[in-house]
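To start, the structure under review is shown below, and the notes come after it.
The values are calculated or read from the model by the stated rules, or taken from the named source; none is laboratory data. Keep in mind it's a predicted model, so treat the numbers as computed, not measured. Quick reminder, even Gly has a Cβ in these numbers, built from the backbone with ideal geometry, and neighbours come from all protein chains shown. Just so you know, the surface numbers come from the protein's heavy atoms only, side chains and all, with ligands and any DNA or RNA stripped out. Shrake-Rupley method; radii C 1.70, N 1.55, O 1.52, S 1.80 Å.
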Amino acid sequence: MARITIRVEGRHADNSLCDHQVKPSGKPRDPNSGCPGRTQFAVVCSEHGDVDQPHHIKQLAEPAARAHRIEHLAAFNGR
């Protein structure tokens with residue numbers, strides 16, 4: 001059985017991955033990076049893809065990731 005990973009990743013407004021260094025405001029540290037700025041955080045599961053809706057604050061996305069991880073554990077233990 002493959003390992004299932006659940007992570008919180010930063011996204012741009014167009015829902016593309018934002019792996020740039022950003023300031024607390026979400027704006028890029030390097031203005032020449034081409035990054036429009038981080039606007040949201042998505043919970044991504046290796047088995048299901050994006051989970052629920054993106055969150056605008058990382059602290060709100062982390063409990064959603066934890067809840068999804070618990071769902072996987074419950075399904076695994078229920079076998």
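Starting from 0.36 nm per residue, how many nanometres of slack lie between L60 and H12 once their C-alpha separation is accounted for?
15.6 nm
Give the carbon-plus-sulfur fraction of the accessible surface of the chain in %, rounded to a whole number; probe 1.4 Å, heavy atoms of protein chains only.
52
Note down the relative contact order for the chain as a percent, whole number, built from C-alpha pairs under 8 angstrom at least six residues apart.
Reported relative contact order: 28 percent.
Using a Gaussian network model of the chain with C-alpha springs under 10 Å, which one of H20, H12, H48 is most mobile by mean-square fluctuation?
Result for the chain, Cα springs under 10 Å: H48 fluctuates most.
Could you state the per residue volume, in Å³, of the convex hull enclosing the Cα atoms of the chain?
It comes to 90 Å³ per residue, whole-number rounded.
Over the chain, with the other protein chains present, what is the accessible area per residue in square angstrom, probe 1.4 angstrom?
Normalised by residue count, the accessible surface of the chain is 72 Å².
Which GluC sites (Glu not before Pro) in the chain sit in a loop by DSSP (not H, G, I, E or B) and have at most 13 other Cβ atoms within 10 Å of their own Cβ?
Sparse-neighbourhood loop GluC sites (Glu not before Pro): E47.
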